[in-house]
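> A single structure is presented below for examination.
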Amino acid sequence: MDRGPIAEIDLAAIAHNFKIAKKITGNRAIIAVVKADAYGHGSVEASRRLVREGASYLAVAYTSEAVALRQAGIKTPVIVLFDKYDISDYFKYDLMPVIHDIKTARAFSKEAKKRKQEIRVHIKIDTGMGRLGFNEDIDKSIGTIVKMDFLTVTGIMSHFSDADLSDRSYALMQLDRFNKLKNTFIKKSGGHLLSHIANSAAVMSLPESHLDAIRPGLMLYGYSPLSAEPSKPRTLESLLRPAMTVKTKILSLRKLRKGSPVSYGRTFITSRDSLIAVLPVGYADGYSRIFSNNSEVLVRGKRSPVVGRICMDTTMADVTDVRGVAEGDDVILLGRQKVDVITASELAIKAGTIPYEILTSFGNKSRKVYTNGS
Ligand SMILES: *Cc1c(COP(=O)(O)O)cnc(C)c1O
């Protein structure tokens, strides 16, 4: 058999979530974030669908991700958020860089001049995220950048540090800084600039940040970054539809007597005569070892606890209470089966992380199949 679980990606769910984003934000452009293989959902397939639904731009982290989209025949404008190496690829594949510093701006201008090929760029301002971008130095850099040969600034952007919190004060401060710098920039450059700052959290909770375009990632895949905040209204979140289901099959069913240990370290001892399912998925497949004795899977619609330590290639689940269970039965690690559902948010809380990491760990290690609704 092949290694690893199957990630079933529902493209209709991605389309549905895109429509929700579109509805929230009115007629603004949508920059669909498809970095990290579209958060594990498969960047080519997800991008094709998002473009079909009306995404104006795609955004990736690194040039190799953008090149993969071009090689798949996707012609939509692609913004590369973080990369400043492989400058020739930007020209060769018609990609749009985000410029974080003056040195990189010069390098792009130089290459553009050499090729006699204009490059359009977006400028990133660090308004308080403390990662990449111009900060106080922007005021004096603006004049220099707008005069550079063969380089045209067509957009200006920033990124929120904590727009997912119910306390919006820091995000509003970032937005205020951004708006001021944006206005200075527009005055000096003279032209129109596409301004964008809103990630999913801001799309869902900070309408004044939607500006010219929104830049959502997570919500397109059906999850809200706000879910860790119980005080937030959940209405929007409940409209989103998770797009990823991760499944495997029971490899082996074993009868163990009461008092039997299960897996490395004997961290689980059966408290009754038990039926234990061995699953052909381990931490090497994105099912983190932190789920040892600490999560559940769905078998025949019933929640069954993961027991003992998760191994590199296998995981054990207690299926004693699952009526009619048989080897070869489908097992859901993430997603819906009958009336129950295991969400990435639920697993994230158990693992002390965020849904983003659950989706990327599973997605990037699973064999993907695509559906169009069920
Ligand atoms: C990942 C990312 C986004 C999307 O964030 P979500 O929280 O997934 O909506 C937007 N902008 C930048 C710069 C990013 O790195």
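The values are calculated or read from the model by the stated rules, or taken from the named source; none is laboratory data. Note that this is a predicted model, so its numbers are computed, not measured. When we count neighbours, we look across all protein chains shown, and the Cβ atoms used for this are built from the backbone with ideal geometry, even at glycine.
> So for the range 243-250 (the condition being at pLDDT 95 or above, touching a helix residue (DSSP H, G or I) at 6+ places or on another chain (Cβ under 9 Å) and among the β-branched types (Val, Ile, Thr)), does at least one residue qualify?
Yes - at least one qualifying residue is present in the range 243-250.
> Limited to the range 27-79, what total is found for residues that are part of a strand (DSSP E or B), away from the ligand (no atom under 13 Å from the Cβ) and under 19 Å from Ile99 (Cβ atoms)?
Going through the range 27-79 one residue at a time, the tally reaches 1.
> How many residues does the range 336-360 contain that are surrounded by fewer than 16 Cβ atoms within 10 Å (Cβ to Cβ) and part of a loop (DSSP other than H, G, I, E, B)?
The qualifying residues number 4.
> Looking only at the range 185-226, which residues are among the β-branched types (Val, Ile, Thr) and within 13 Å of the ligand (Cβ to nearest atom)?
Once the filter is applied, which keeps residues that are among the β-branched types (Val, Ile, Thr) and within 13 Å of the ligand (Cβ to nearest atom), the range 185-226 yields Ile197, Val203, Ile214.
> Let me ask you something else. Scan the range 244-258 and give yes if some residue there is closer than 25 Å to Ser224 by Cα, touching a His at 6+ places or on another chain (Cβ under 9 Å) and of a type in the set (A, V, I, L, M, F, W, C), otherwise no.
Yes, the range 244-258 contains a residue that is closer than 25 Å to Ser224 by Cα, touching a His at 6+ places or on another chain (Cβ under 9 Å) and of a type in the set (A, V, I, L, M, F, W, C).
> May I pose another question? How many of the residues in the range 284-335 are in a strand (DSSP E or B) and without any contact (Cβ under 8 Å) to a residue 40 or more places away in the chain?
Of the residues in that region, 6 qualify.
> So which residues in the range 140-183 are surrounded by 16 or more Cβ atoms within 10 Å (Cβ to Cβ), charged (D, E, K, R) and not in a helix (DSSP H, G or I), if there are any at all?
If the condition is that a residue be surrounded by 16 or more Cβ atoms within 10 Å (Cβ to Cβ), charged (D, E, K, R) and not in a helix (DSSP H, G or I), then Asp164, Arg168 are the ones that fit.
> Tally time: how many residues in the range 361-374 are outside any strand (DSSP E or B) and under 16 Å from Gly42 (Cα atoms)?
The number of residues fulfilling the criteria is 7.
> Still on this model: Is the range 95-108 home to any residue that is within 16 Å of the ligand (Cβ to nearest atom), buried (at least 18 other Cβ atoms within 10 Å of the Cβ) and under 21 Å from Ala21 (Cα atoms)?
No, there is no match, as no residue in the range 95-108 is within 16 Å of the ligand (Cβ to nearest atom), buried (at least 18 other Cβ atoms within 10 Å of the Cβ) and under 21 Å from Ala21 (Cα atoms).
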